1. Output the residue which, of all residues in the range 108-132 that are open to solvent by 40 Å² or more (accessible area, probe 1.4 Å) and not in a helix (DSSP H, G or I), is nearest to Tyr97 (Cα to Cα).
2. I'd like to know if the range 43-58 contains one or more residues that are more than 32 Å from the chain's Cα centre (by Cα), small (Gly, Ala, Ser) and either surrounded by 12 or more Cβ atoms within 10 Å (Cβ to Cβ) or closer than 30 Å to Lys156 by Cα (or both).
3. Among the numbered criteria (1) without any contact (Cβ under 8 Å) to a residue 12 or more places away in the chain; (2) assigned to a helix (DSSP H, G or I); (3) open to solvent by less than 100 Å² (accessible area, probe 1.4 Å), which single criterion is violated by Val15?
4. Assuming Pro137 fulfils every condition listed in (1) exposed (fewer than 13 other Cβ atoms within 10 Å of the Cβ); (2) in contact with a strand residue (DSSP E or B) (Cβ under 7 Å, 6 or more places away or on another chain) apart from one, which condition is it?
5. Output the residues belonging to the range 70-98 that are loosely packed, with under 10 Cβ neighbours inside 10 Å and either within 13 Å of Gln128 (Cα to Cα) or basic (Lys, Arg) (or both).
6. Find all pairs meeting these conditions: Cβ atoms under 8 angstrom apart; at least six residues apart or on different chains; first residue within the range 140-156 and without any contact (Cβ under 8 Å) to a residue 60 or more places away in the chain; second residue part of a helix (DSSP H, G or I) and among the acidic types (Asp, Glu).
7. Determine which single condition Asp101 fails, assuming it passes every other condition in (1) farther than 20 Å from Asp175 by Cα; (2) charged (D, E, K, R); (3) open to solvent by 40 Å² or more (accessible area, probe 1.4 Å).
8. Has the range 96-106 got at least one residue that is of a type in the set (Gly, Ala, Ser), over 32 Å from the mean Cα position of the chain (by Cα) and on the phi > 0 side of the Ramachandran plot?
Amino acid sequence: MGSSLQDQLLKAGLVDEQQIKRTRSSKRKKGKQGRGKGDPGDESRRRAQQAAAEKARRDSELNRQRQEEAKRKAEDNELRQLIHVNRIPRGEGDVAYSFLDEDSIKRIYVTADQQRKLAKGSLALVRQDTGYELVLPEIAERVRARNESLVVLLNKPGDDSEKDDDYADYKVPDDLMW
């Protein structure tokens, strides 16, 4: 029962050894010829090539995104360093300076001289991480060119509109702060 049909035919004397060898060799040759021309091999090869092309496209897109992210981080670090190197220390400021940051009023403590310079436009206020720093207007312009949202306050020198000021004749009290 465990013997093949060829063995059974050989035992019965219906075929001889030569016929079995010819049959096996022709069967082997047909199998080899079918593999080269067959649809299943071509189809799987085509699918494998498509998958490789899709993977290469996804990898290149992911690589491009990583490069953009690295470039953005490098630019952010350059801005952070520019602000840090050129910041003006506030020291022991005792004058509260209030300013508008987006939709909320913020307050920092500066010296009286720094307060005048901020009002005249000789100093600017920029956002650094979670705080605020005083810098020169030239530095603030360089920061604004790269990222406008970091510049909080930059008054233009000579913005004093005293020529059309209806209240120029009235003295403002010194203790009036908002």
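The values are calculated or read from the model by the stated rules, or taken from the named source; none is laboratory data. Here the structure is a predicted model, which is why all the values come from computation and not from measurement. For neighbour counting, all protein chains shown are included, and Cβ atoms are generated from backbone atoms with ideal geometry for every residue, glycine included. Heavy atoms of the whole protein, side chains included, go into the accessibility calculation; ligands, DNA and RNA do not. Shrake-Rupley method; radii C 1.70, N 1.55, O 1.52, S 1.80 Å.
1. For the range 108-132, the residue satisfying everything is Tyr109.
2. No, the range 43-58 contains no residue that is more than 32 Å from the chain's Cα centre (by Cα), small (Gly, Ala, Ser) and either surrounded by 12 or more Cβ atoms within 10 Å (Cβ to Cβ) or closer than 30 Å to Lys156 by Cα (or both).
3. Of everything listed in (1) without any contact (Cβ under 8 Å) to a residue 12 or more places away in the chain; (2) assigned to a helix (DSSP H, G or I); (3) open to solvent by less than 100 Å² (accessible area, probe 1.4 Å), Val15 misses just condition (2).
4. Tallying (1) exposed (fewer than 13 other Cβ atoms within 10 Å of the Cβ); (2) in contact with a strand residue (DSSP E or B) (Cβ under 7 Å, 6 or more places away or on another chain), Pro137 fails exactly one: (1).
5. The one that is loosely packed, with under 10 Cβ neighbours inside 10 Å and either within 13 Å of Gln128 (Cα to Cα) or basic (Lys, Arg) (or both): Val85.
6. Leu154/Glu141
7. The failed condition is (3).
8. Narrowing the range 96-106 to residues of a type in the set (Gly, Ala, Ser): 96, 98, 104.
Narrowing further to those that are over 32 Å from the mean Cα position of the chain (by Cα): 96, 98.
Then keep just the ones that are on the phi > 0 side of the Ramachandran plot; that gives none.
No.
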